[in-house]
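Peer 1: Just dropping this structure here.
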Amino acid sequence: MTSKKLGLLGLCAVVLGMMAMSASAAQGATLSWLILNAPKTVATELNATFAVEPESAHMTLDGEVSGLKVAVTCTNLALKGVSLEAGGKLTEGGKVVFTGCKVFKTAPLTEEYKCTVKTTGAAAGTVETNELKGGLALLGGEVLTKVEPKAGSTGNFATLRFEGAECVLPELNQVHGTAYFKDCEGFATTHKLKHLFNSVAEFVALFIGGHSAKQLEVTKILGSFWALLAGAHAGLEWSGMDA
């Protein structure tokens, strides 16, 4: 997957422009999740357990730590306590758990650092985010899914711990910011069993460690994943809706 790099000024200009457009559009729009019943005859906004599964070989957080390029790559991801909620929201306080994580110097995978990565209390190679919030958002006339820390964009997605006797990276590294994801097949408002998502590069405003124009430019999310319903709503078709 490719992604565009924008400097801080370019990013701010785009985001402000999109916010203005979305505010205007949102005045006449109601964002919601819609789930078809089994006969596919009625669409309702039901609270439903949300699940994800990887589509690409790796999900990667690509960026810099203390001036060193770093790519934290994980082979699997799962949601913890996340449902589609009324009003086009995601459960506040849900988490994402990444497993099979390793630390490379750049993405695509090149030389591996002599470091393990995890979050506090987790096994090596497991990264569990802090509590998150999110939901549908309308930007530039497109229905996207916004994800950020529960405390907002100034909150902490997760604190990455790089460990190892020969590890040259700082041990504790907080990830802050906001990310937007889109149905990359163009089916955001079309009922389907599974939707394929990737990050929207121009709206990824993440940074590792200190906030800076360079961090906003170089930090990005690579990879794609499928999203589907689970639990009592498994096997039902769903979509976002802008009405």
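FYI, it's all coordinate maths here, none of it is from the lab. Just so it is clear, the model here is predicted, and its values are computed rather than measured. When we count neighbours, we look across all protein chains shown, and the Cβ atoms used for this are built from the backbone with ideal geometry, even at glycine.
Peer 1: Under the rule of at least 5 residues apart or a separate chain, name every residue whose amide H is placed under 5 Å from the amide H of Glu64.
Peer 2: Val70, Ile208
Peer 1: Charges at C-beta only: +1 for Lys and Arg, -1 for Asp and Glu. How large is the resulting dipole of the stretch 60-124 about its Cα centre, in Debye rounded to 20? Could the numbers behind the result be given before it?
Peer 2: Values: 8 positive and 6 negative charges, 33 e Å.
Charge dipole of the stretch 60-124: 160 debye, to the nearest 20.
Peer 1: May I ask for the angle, rounded to the nearest 10°, between helix 8-26 and the longest principal axis of the chain, with both axes built from Cα atoms and the value confined to 0 to 90°?
Peer 2: 20
Peer 1: A follow-up question, please. Could you order the peptides 150-157, 128-135, 50-57 from most to least packed, using the average number of other C-beta atoms within 10 Å per residue? Show your work: numbers first, answer last.
Peer 2: On the way: 150-157: 14.8, 128-135: 19.2, 50-57: 16.5.
Descending mean neighbour count gives 128-135, 50-57, 150-157.
Peer 1: Let me know the Rg and Dmax you get for the chain when you use only its Cα atoms, in Å.
Peer 2: Calculated on Cα positions, Rg and Dmax stand at 18.0, 60 Å.
Peer 1: Could you order the peptides 179-185, 117-123 from most to least packed, using the average number of other C-beta atoms within 10 Å per residue? Don't skip to the end; give the middle numbers.
Peer 2: On the way: 179-185: 19.1, 117-123: 15.3.
Listed from highest to lowest mean packing, they are 179-185, 117-123.
Peer 1: By a straight-distance test (C-alpha under 19 Å), which aspartates and glutamates pair with Lys150 as possible cross-link partners, with residues fewer than eight away in the same chain excluded?
Peer 2: Straight-line reach from Lys150, under 19 Å: Glu85, Glu92, Glu128, Glu131.
Peer 1: List the extent of the Cα atoms of the stretch 85-196 along each of their three principal axes, largest first, rounded to whole Å.
Peer 2: 49, 30, 25
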